[in-house]
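Note sheet for the following structure.
The values are calculated or read from the model by the stated rules, or taken from the named source; none is laboratory data. As the structure is a computational prediction, the values presented were derived from the model and not from experiment. With ideal geometry, Cβ positions are generated from the backbone for all residues, glycine too; neighbour counts draw on all protein chains shown. Please note that ligands, DNA and RNA were not included when accessible areas were found on the heavy atoms of the full protein model with its side chains. Shrake-Rupley method; radii C 1.70, N 1.55, O 1.52, S 1.80 Å.
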Amino acid sequence: MSGEGEGELSAFVALHGAALRASRVPARYWESLCRKLRGEVFDAGDYFGIMQVEEVEEEEEADEEMEEQLKKKPNPGNESCFKVIITNENGLQASDPNSIFLIDHAWTYRVEHARQQLLHVPGLLHRMANLMGIDFHGEVPDEGSIEQVLQEMWKYNQTYQLSQGTAEEKVPVWYIMDEFGSRIQHSDQPSFATAPLFYMPQQIAYTLLWPLRDLEAGDEVTRDYAYGETDRLIRKCVLLPWVPSEVLDINCFTPEPSDEHYQAILTENKEKLPMAIKPSVYAEDKVFKKLSEERPQVMLNQFPCENLLTVKDCLASISRRAGGPDGPRWLPRTFNLQTELPQFISYFQQRERRGEDNHWICKPWNLARSLDTHITNNLNNIIRHRESSPKVVCKYIENPVLFHRDDVGMVKFDIRYIVLLRSIKPLKLYVYDVFWLRFSNRAFSLDDLHDYEKHFTVMNYAPGVILKQVHCEEFVPLFEKQYPEYPWTTVQADIFKAFAELFQVASAKPAPLGICDYPSSRAIYAIDLMLKWDTSRDGKRIMQPQILEVNFNPDCDRACKYHPTFFNDVFSTLFLDELDNCHVTCIV
C-alpha cells in the first residue's frame, strides 16, 4: 500500500474503527471496505444473483414436518419468494480481503415520518410495494396500499441510532435495504453476516455484507435475522415476524425481578450508595464519603437510586410490589421488552384469541416528551422495536376519560402533579396544590394511530402546533359539569392514594432495591397521569388513575410564571419544614 493509501486507511479506521469492531467486521476487509466506500463501488452484481422460487402445491398427504417447513418459507404470504445465490463461477473465499460488499438502502426514515414519505415521495410507495410483494399499480398513492406497506415493513426493517446530536437526532433511524439486500433470507446457520455502517465523509448509511465461510457457485446467501440471540425461546419470539407461531403456553405473569436485577442496575449506572451519616458503615472509597462525613448539614436535591421511579422499566418493576405480577390498578400493564418478551407475546396472543383490545404503546426506558414513542396493534412492529433501543410496552388506554373542548370535541388529556419528597424514613411526601393539564388537539377515537394530535397530549415542543391551556381552577368546574357524578375531590383523593402507594413500595426495601434513605436528600418530581374508565370490585363504574411516568427535577417555568410563590413553597416544605401558608398537601 502506498503512503497515501496508508494515510487514508488510518483516517478511515480512526473514524470507523470502533463501529467496525462493535459489528465484528474482520480487520482483513477494512482496506477494501475503505476503497469501496470512497469510490462508491457496488460490485455485488459480480458475485451474486437473485433467484425467484415458485411455491409448488404439496400433495394432500403432506406430513406435519412438511407443513412446518411451509410455515417457515421466505416471504410468508406470497405465492413466490426470492433467494440470493452466488453466481460467480469461482465462488467466494472468506479469506479474500475483497470479500466485503456494500448494500444500498432503498428507504431511510424515522417511524413518525413513514406515512407522509410514502404519500409524498415520488415512486417510494411503488418501489416498497414491489419489494414487499404488495399489489399496487396505480399512479397515486392510496390509503389501503400505504397501510399494507406500513404493516409489512416490519419484516424488512433494520435500524441504527446516531450517537451524537440532540435528543431528537438520537431517535432511532429505520431503513429498508435495496432489493438485493431485502432478498437475503434467514438461516439459523447463516453463510453471511451483515451490519449497518454510517459512512461519515458522505453522511450516508450502508449495510456491509461479508461471508462467514468459503462458498461455491450456487450456494445461497443467508443471514441470521436473530443475530446474537442464543436463548431458544427468545430466538423463537424474535423470529415471529417471519416464522409465525404461538407462545400461549408461556406464563404471562411478570413477577418483580430478583434483588440481583436491581444490583445490576446500580452497577451499570455506576452509582455508589452514600455512607450513612450515623454511623459510617460503608467503605471509605464511596462517593459522598467526604460530604457525609465532613459536611452532613449540606442538602442534596435528589435521592440515591431514585431511577427506580424515573426510569420506566424500573417503575413497572417496583410497582408490582403493590399489585402482584399484573401490576397495580394505577399503572397500565407493562412489559420490559428486553427481559419479558415471551411473557408479552403470550399475553398479546391470549388477548387476541379472546377478542380483547390489543393496542399498545411502545416507549423508550429513559426519554421524555413522547420521543420515539409509538402506538400500535401490530405485534411484529412491537417485536422489532426491541432492536432499536431499550423499551417497555404498556397497554394503551383504549377507554380514557375524555374532556370536552368546545372547539374540537371530546379529547384525551393528562394531568401533571408536582410531588415533593422530604424523607424516606419516615416517608414524608407532599403534593403541590396546583396541577397542570395537557390536551390533545383532535377528538379521540381508536384509529389513526399515526395522528399525534389525536393520541398524544404533549404539544409544547411541536412547532406550529396549537397548545391548549386551561388553569386547574378553571378545569375543575368544567370537569364536574361534564361528569357531575364524579366530584373532583373524590377523583383527586384516588390520585393521591396512588401516589402514596407508589412511594411506599419504592421505599419499602433498602437500596439498591428501593430509594436510598439519605437524611440530607430532598427531591421534587413531576408525575404525569391519565384517568381511564374502569369497574370497581362492586361493579360500579369508576375513574381509575393511570400513572404514566415520573420525572425528576421537572421544568417549573410555567409554575413560577403563574404562581410566584411556587419555589418559596417548595423550599419551605423541603428544607425548612415550615408548611404554614404553603400551597402543599401532605399525602404520607
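Need one number: % antiparallel among DSSP beta bridges in the chain, to the nearest 5. Kindly include the intermediate steps, with their values, before the conclusion.
On the way: 74 of 77 bridges.
Antiparallel: roughly 95 percent of the beta bridges in the chain.
Amide H of Tyr518: which non-local residues (sequence gap of 5 or more, or other chain) have their own amide H closer than 5 Å, using H built in the peptide plane?
Ile424
How much accessible surface area, in Å² rounded to 10, belongs to the heavy atoms of Glu112 with a 1.4 Å probe?
100 Å²
I'd like the distance separating the alpha-carbon centroids of the range 440-462 and the range 470-502, in whole Å.
22 Å
Which order, highest average first, do 308-315, 143-150 follow once you tally other Cβ atoms within 10 Å for each residue and take the mean per peptide?
Details: 308-315: 23.4, 143-150: 16.9.
The packing order, highest mean first, is 308-315, 143-150.
How far apart, in nm, are two points set 7 Å out from the Cα along the Cα-to-Cβ line at Glu216 and at Glu352?
With each label placed 7 Å out from Cα toward Cβ, I get 4.1 nm.
DSSP beta bridges in the range 130-231, what fraction antiparallel, as a percent rounded to 5?
Values: 12 of 14 bridges.
The answer is about 85 percent antiparallel.
What's the angle, to the nearest 10 degrees (0 to 90), between helix 488-506's Cα axis and the longest principal axis of the chain?
It works out to around 70 degrees.
With every protein chain kept in the model, how would you rank Arg235, Arg384 by accessible area, 1.4 Å probe, largest at the top?
Details: Arg235 35, Arg384 5 Å².
Highest to lowest solvent-accessible surface, that is Arg235, Arg384.
Relative to the Cα centre, what is the charge dipole magnitude of the chain, using +1 at the beta carbon of each Lys and Arg, -1 at the beta carbon of each Asp and Glu, and rounding to the nearest 20 debye? Working shown, then result.
Working: 62 positive and 88 negative charges, 615 e Å.
Using only the charged Cβ atoms, the result is roughly 2960 debye.
Per-residue HN-Hα couplings for the range 259-265, Karplus 6.51 cos²θ - 1.76 cosθ + 1.60 at θ = phi - 60°, whole Hz, x for Gly and Pro?
Whole-Hz 3J(HN,Hα) from phi for the range 259-265: 4, 4, 4, 6, 5, 5, 5.
Where the accessible area of the chain is counted over protein heavy atoms with a 1.4 Å probe, how much of it, in %, is carbon and sulfur?
Numbers: 14130 of 28720 Å².
Of all accessible area on the chain, carbon and sulfur atoms account for 49 percent.
Angle, helix 341-354 long axis vs. longest principal axis of the chain, Cα atoms, 0 to 90°, nearest 10?
It is inclined by approximately 90 degrees.
Kindly write out, for the range 219-234 in residue order, the coupling ³J(HN,Hα) from the Karplus curve 6.51 cos²θ - 1.76 cosθ + 1.60 (θ = phi - 60°), rounded to whole Hz, with x marking Gly and Pro.
5, 8, 8, 10, 9, 8, 5, 10, 4, x, 8, 9, 5, 5, 5, 5
Could you do me a favour and compute the accessible area per residue for the range 67-220, 1.4 Å probe, result in Å²?
Ligands and nucleic acids excluded, the figure is 48 Å² per residue.
Could you pull out the chymotrypsin sites (Phe, Trp or Tyr not before Pro) across the range 407-511 that fall in loop regions by DSSP (anything but H, G, I, E, B) with no more than 15 other Cβ atoms inside 10 Å? Intermediate values should be presented prior to the final figure.
Numbers: sites: Phe413, Tyr417, Tyr430, Tyr432, Phe435, Trp436, Phe439, Phe444, Tyr452, Phe456, Tyr461, Phe475, Phe479, Trp488, Phe496, Phe499, Phe503; in loops: Phe444, Phe456, Tyr461.
Answer by residue number: Tyr461.
How large is the accessible surface per residue of the range 528-588, computed with a 1.4 Å probe and reported in Å² as a whole number?
Details: 3500 Å² over 61 residues.
Result: 57 Å² of accessible area for each residue.
So what's the chain giving for Cα Rg divided by 2.2 N^0.38 Å, two decimals? Present the calculation step by step, with values, prior to reporting the outcome.
On the way: Rg = 27.7 Å, N = 588, 2.2 N^0.38 = 24.8 Å.
Expressed relative to 2.2 N^0.38 Å, the Cα Rg reads 1.12.
Counting only heavy atoms of protein chains, what accessible area per residue, in Å², does the range 295-375 have with a probe of 1.4 Å? Display every interim value, and only then the final one.
On the way: 2870 Å² over 81 residues.
With the other protein chains kept in place, the range 295-375 gives 35 Å² per residue.
Quick one: accessible surface of Ser423, probe radius 1.4 Å, all protein chains present, in square angstrom to the nearest 10.
So the heavy atoms of Ser423 present about 20 Å² to solvent.
Students often get this wrong, so check it: of Lys155/Lys454; Lys395/Lys532; Lys170/Lys363; Lys170/Lys454; Lys363/Lys412, which have C-alpha atoms separated by over 20 Å? List each step's numbers first, then the result.
Values: Lys155/Lys454 27 Å; Lys395/Lys532 12 Å; Lys170/Lys363 14 Å; Lys170/Lys454 25 Å; Lys363/Lys412 18 Å.
Over 20 Å apart, Cα to Cα: Lys155/Lys454; Lys170/Lys454.
Select from the range 309-374 those GluC sites (Glu not before Pro) which occupy a DSSP coil region and have at most 14 other Cβ atoms within 10 Å, ordered by residue number.
On the way: sites: Glu340, Glu352, Glu356; in loops: Glu340, Glu356.
Counting only loop positions with at most 14 other Cβ atoms within 10 Å, the GluC sites (Glu not before Pro) in the range 309-374 are Glu356.
Report, to the nearest 10°, how far helix 312-323 tilts away from the longest principal axis of the Cα atoms in the chain, using its own Cα long axis and a range of 0 to 90°.
Tilt relative to the chain: about 50 degrees.
Can you report the principal axis dimensions of the range 487-588 using only the alpha carbons, biggest first, rounded to whole angstrom?
Projected onto the principal axes, the Cα atoms of the range 487-588 cover 45, 38, 25 Å.
Give me the net charge of His404's neighbourhood, meaning all other residues with Cβ under 13 Å from the Cβ of His404; Lys, Arg count +1, Asp, Glu -1. All intermediate terms of the calculation are to be shown ahead of the outcome.
Numbers: positive: Arg405, Lys412, Lys468, Lys481; negative: Asp406, Asp407, Glu480.
Combined, the nearby Lys, Arg, Asp and Glu give +1.
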